[in-house]
1. What are the ³J(HN,Hα) couplings of region 149-154, residue after residue, when phi is run through the Karplus curve with 6.51, -1.76, 1.60 and θ = phi - 60°? Round to Hz, x for glycine and proline.
2. Considering only DSSP states other than H, G, I, E and B, which chymotrypsin sites (Phe, Trp or Tyr not before Pro) in region 54-135 qualify as loop sites with at most 11 other Cβ atoms within 10 Å?
3. Using the number of other C-beta atoms within 10 angstrom as an exposure proxy, rank Arg202, Arg52 with the fewest first.
4. Going by a ≥ b ≥ c, the root eigenvalues of the Cα gyration tensor, does region 1-78 fall in the rounded group (a/c under 1.5), the prolate group (a/b larger than b/c) or the oblate group?
5. Along the Cα→Cβ direction, 7 angstrom out, place labels at Arg55 and Arg25. What is the inter-label distance in nm?
6. Among residues other than Met1 whose Cβ falls under 9 Å from its Cβ, what is the net charge (Lys/Arg +1, Asp/Glu -1)?
7. Add +1 for every Lys or Arg and -1 for every Asp or Glu among the other residues with Cβ under 12 Å from the Cβ of Phe147, and state the total.
8. Arrange the following residues from fewest to most other Cβ atoms within 10 Å of their Cβ: Asp171, Asp82, Asp161.
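Read-outs: derived from the displayed coordinates by stated rules, not from any lab. Since the structure is predicted, the reported quantities are computational estimates derived from the model, not experimental observations. Ideal geometry is used to build each Cβ from the backbone, glycine not excepted, and the neighbour counts take in all protein chains shown.
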Amino acid sequence: MHISIIIPALNEANAIETTLRHVARCAPHAERIVVDGGSGDGTMELAAAHARVLRATAGRAMQLNAGARAARGEWLLFLHADTRLPPDFQVALRDAAEQGYDVGAFSLAIRGRHPLLPLLAWGANLRSRWRGIALGDQAPFMRRRFFDQRGGFPELALMEDYAFFRALRRDGIGFYLSPQRVETSGRRWDVSGFWRTWWQMRLLRRLFDRGGHPGDLAARYRHIR
């Protein structure tokens, strides 16, 4: 199984090397691609020692799609720079393939200071199981041909992951939710405040579902990044 791991990055100097070293230990033969959106903190230079580095227009959707176009793997895995894969993460991809799925995601754990972060992760996992929605923090993965057939991620200013999985649900396409957990950083909740961040993210999803323009909503989202 040939896997390409695609990591969008923008000013991730504090996290990118640790993430790439971890990926290399977990899957030394996987292709590693970092797609930089114009970092000014040395992210590209740090990443270049551990991965193939590309430049792309800033914006997570554009960066993810640029990485996918350059990737050579049969399976694409999209990983945030502050998210850690389980050491045996490749088992999840094999399980998905064996069960006939073209797309999947991991269950979520969140590391951070607030005591309610585990409850937040539990809610995200429940949403994935019952609503058929996964987000980028859950390291979604899919067959290359499936990704191409779907036209990649919608190039929105935000919520490209939510929009992608919402479209799958609309079209009656299920995905494999691995019981393995990825661990993502709780920095946005630590920095901006748990309840403020929770409420803003919930409100943004509701406005997006009601037809809110992604460009307008992105202005709010930047305050809690």
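1. Here the 3J(HN,Hα) series is 4, 7, x, x, 6, x Hz.
2. none
3. Numbers: Arg202 10, Arg52 15.
If I rank by nearby Cβ atoms, fewest first, I get Arg202, Arg52.
4. In terms of gyration-tensor shape, oblate.
5. Result for the modelled spin labels: 3.3 nm.
6. Values: positive: Arg94; negative: Glu74.
So the environment of Met1 carries a net charge of 0.
7. On the way: positive: Arg69, Arg143, Arg144, Arg145, Arg150; negative: Glu74, Asp102, Asp148.
That works out to +2.
8. Going from sparsest to densest Cβ surroundings: Asp171, Asp82, Asp161.
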